[in-house]
Structure formats: C-alpha cells, structure tokens
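Everything below concerns the one structure shown next.
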Amino acid sequence: MKEWIILQLDKLVNYYKVMGDTTRIKLLVLLSTEEPLSGQELAERLGVKPPTISHHIAKLKEISAVYERREKNTVFYYLNQKALRKHSEGLFIVLERSGKGERTMEEQKEREQILQNFLAKDGKLKTIPAQRKKKLIIFEHILKDLEMGKKYSEKEINEHIKQFHEDYATIRREFIINHYMYREAGIYELNPTEMWAK
C-alpha cells in the first residue's frame, strides 16, 4: 500500500478512535444543542468531575472537533461542525475514488496539450483557465513537486504557488476547495490523490 494512503488511513483511524467514546459523543451532543458551555457546566450536565471533562476535551481538540474561547476567567467550548463534517466526508471520498485506473494515452496527450497552452516557456502560468477540467490539470501540475505526508506552512505554500502565478491566494483556496490539500491551524498537507477533484 502506498505511503500516502497509509498516512490518510492513520488520520482516519485516529479520528474514529477519538470518536469511539460515549462521553465524548455526549459532549458533542451537548455542544450541538446548547449555547457554548464551560468545562464546569459540561461536568455538571454529565455528572462527572471537571478533570474528566478536561481529558475528553483535549482528545476532541486533537481532531479539531471542538474549539474554545475565553471570556474573562471562564473558557467556553464550541462544536466545530466544519471539521467534523470534513472528517466524516473524508472516508467516503477515499472509498468513492479509490481503485480508479491510470490515465489513458489519450488523456495524457490532452493533459500535455493543456499544459503547453497555459504555461509559458519559463514554466509560469499565463492565465488560470476558466474551464474546470483544464483548471484542475493546471493545479495538479503546480502540486507535483510537493511531498505527500509533509506539512507546509501557509507561507511555504504561497512561495511555491508564486513560482507559477502571482495570485497565490486564489490558487491556495482552490487547493482546499478541490480537496488537493487539507488545512488545519494554518498548516497544509496533501490529501491522497483519490480525494482530489476529478
């Protein structure tokens, strides 16, 4: 099995390990149906001690399922629905897109023609294609020198994109929208190619 598939599976396994606990599920249910709650309030609702809540919240924060905001001396916890949805969809995307074959000769030829049309001799992008299919081919070309499994800062991603086009913010956003990359706390990482937009 390819290394990048193993890395993605490790992420998914860790997510389901964290979620495989009754108390943590109860915490998420409370945070989904109520206003943001403090650790003390959560402990009271669940009938457990505050250190137990701290332990479970720390685990949920590892997978970005919850986030916190401090108000004066009290920390309130919020449900991070976006992160939970992304994790849940991740498994289905991998399953849906796995096992698809390699490119045919015809597809490869078409791809090379598109790259030739949109890239200048110095390798820079003349313009971002308007057509989705062409756009995705260009994005894959820009990504080809990034390493699977390596974590990149936003600055590193910007610098990499700038080698091809000055509008790094638009292209960086497209990397996330089209599932090429996963972003968490300002750190970017390539997703397995099965997750990439087709």
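Please work out which residue is least open to solvent (accessible area, probe 1.4 Å), limiting yourself to the range 142-155 and to residues that are of a type in the set (Lys, Arg) and farther than 24 Å from residue 111 by Cα.
Filtering first and then ranking leaves 150.
Restricting the range 1-31 to residues that are at pLDDT 90 or above and touching a strand residue (DSSP E or B) at 6+ places or on another chain (Cβ under 8 Å), which is surrounded by the most Cβ atoms within 10 Å (Cβ to Cβ)?
My answer is 27.
Which ranges mark the helices (runs of 4 or more DSSP H) fully within the range 8-91 that have 2 or more residues being of a type in the set (A, V, I, L, M, F, W, C) and in contact (Cβ under 8 Å) with a residue 40 or more places away in the chain?
Because the criterion is at least 2 residues that are of a type in the set (A, V, I, L, M, F, W, C) and in contact (Cβ under 8 Å) with a residue 40 or more places away in the chain, the helices (runs of 4 or more DSSP H) in the range 8-91 that meet it are 22-33.
Any idea which of (1) without any contact (Cβ under 8 Å) to a residue 12 or more places away in the chain; (2) of a type outside the set (D, E, K, R); (3) open to solvent by less than 30 Å² (accessible area, probe 1.4 Å) is the one residue 139 doesn't satisfy?
(1)
Going residue by residue through the range 144-161, is there one that turns out to be over 25 Å from residue 88 (Cα atoms), touching a strand residue (DSSP E or B) at 6+ places or on another chain (Cβ under 9 Å) and in contact (Cβ under 8 Å) with a residue 40 or more places away in the chain?
So far as the range 144-161 goes, yes, one or more of its residues are over 25 Å from residue 88 (Cα atoms), touching a strand residue (DSSP E or B) at 6+ places or on another chain (Cβ under 9 Å) and in contact (Cβ under 8 Å) with a residue 40 or more places away in the chain.
Of all residues in the range 156-196, count the ones that are of a type in the set (S, T, N, Q), at pLDDT below 90 and open to solvent by 20 Å² or more (accessible area, probe 1.4 Å).
1
Which condition breaks for residue 89 when tested against (1) out of contact with any helix residue (DSSP H, G or I) (no Cβ under 6 Å at 6 or more places or on another chain); (2) surrounded by 12 or more Cβ atoms within 10 Å (Cβ to Cβ); (3) at pLDDT 90 or above?
(3)
The values are calculated or read from the model by the stated rules, or taken from the named source; none is laboratory data. Just so it is clear, the structure is predicted and the values come from calculations on it, not from any experiment. Note: ideal-geometry Cβ built from the backbone for every residue, glycine included; neighbour counts use all protein chains shown. To get the accessible areas, we keep the full protein, side chains included, count just its heavy atoms, and leave off ligands, DNA and RNA. Shrake-Rupley method; radii C 1.70, N 1.55, O 1.52, S 1.80 Å.
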